[in-house]
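Here's the structure we're looking at; comments come further down.
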Amino acid sequence: MKIRYELIIYWSEEDQAFIVEVPELAGCMADGETYQEAVQNSEIVIQEWIETAQKLGPPVPKPKGRLLFA
């Protein structure tokens, strides 16, 4: 599966880890000790989020790509 959702990645001093947020998928987040690990973990979490949504019924939003913030 190709991941096309926007990822927001940042370092958390509190957690001592890179955090990845997927704004288009409510509550979808991952972390990792390295940038690469955090992105890899986000791919797994995105797939799990989609599979869960498909089983429980909420629609899976189509990736919009780059989000615009006002």
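We did not get these values from a lab; they are worked out from the coordinates using the rules stated. Every value quoted in this text rests on a predicted model; they were computed, and no experiment measured them. We place every Cβ from the backbone using ideal geometry, glycine too, and count neighbours over all the protein chains shown.
Pick from Ile19, Ile9, Ile3, Ile50: which is in a helix (DSSP H, G or I) and among the β-branched types (Val, Ile, Thr)?
Numbers: Ile19 fails: in a helix (DSSP H, G or I); Ile9 fails: in a helix (DSSP H, G or I); Ile3 fails: in a helix (DSSP H, G or I).
One residue alone meets the criteria, Ile50.
From the list Ala26, Ala38, exactly one residue is part of a helix (DSSP H, G or I) and of a type in the set (Gly, Ala, Ser). Which is it? Step through it out loud before you land on a result.
Values: Ala26 fails: part of a helix (DSSP H, G or I).
Result of the check over Ala26, Ala38: Ala38.
Return the pair list, or none, for Cβ contacts closer than 9 Å from residues in the range 28-55 that are more than 14 Å from Glu6 (Cα to Cα) to residues that are part of a helix (DSSP H, G or I) and among the hydroxyl-bearing types (Ser, Thr, Tyr), at least 6 apart or on different chains.
Pairs that qualify, where the first residue is more than 14 Å from Glu6 (Cα to Cα) and the partner is part of a helix (DSSP H, G or I) and among the hydroxyl-bearing types (Ser, Thr, Tyr), are Asp31/Ser42; Gly32/Ser42.
Counting just the residues of the range 9-50 that are surrounded by fewer than 12 Cβ atoms within 10 Å (Cβ to Cβ) and either in contact with a Leu (Cβ under 9 Å, 6 or more places away or on another chain) or among the aliphatic types (A, V, I, L, M) (or both), which one comes out nearest to Pro61 (Cα to Cα)?
Ala26
Working only within the range 61-70, note down all residues that are touching a residue at least 12 places away in the same chain (Cβ under 8 Å) and surrounded by fewer than 14 Cβ atoms within 10 Å (Cβ to Cβ).
Here is the first cut: in the range 61-70, the ones touching a residue at least 12 places away in the same chain (Cβ under 8 Å) are 61, 63-67.
Scanning the range 61-70 gives Pro61, Lys64, Gly65, Arg66, Leu67.
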